[in-house]
């Protein structure tokens, strides 16, 4: 019989249903954003309607998460400026580090966790429909 180290079970008791599982969070934790610029695309391209091009700096505090969200109708490109994060998408975990670029198209539905000892800083550029 295989022995189980009792300390390996601690996370199951202390954090049941926590972010250790593939359970996607429904709310952001430790996320803040700063809008750098935004411009309507309608005057530039008639077929874009009321969509806007937006550039933001997103900061996720140590241990924070960006909740599950979809990029349907909101494509984006993100550049990791500082720190590293794990992306959870389609049951797969992928780590992005400083200098990495992330693309999110209409098929992307994912969430993020900051795995660093400090802030995660991302430059995010997306096209979206203002409400």
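List of remarks:
- Compared with the alpha-carbon gap, the fully stretched path from residue 95 to residue 55 is longer by 12.1 nm at 0.36 nm per residue.
- Full extension of the chain between residue 45 and residue 67 gives 4.7 nm of extra length, using 0.36 nm per residue less the Cα-Cα distance.
We did not get these values from a lab; they are worked out from the coordinates using the rules stated. Quick caveat, the model's predicted, so the values are computed rather than measured.
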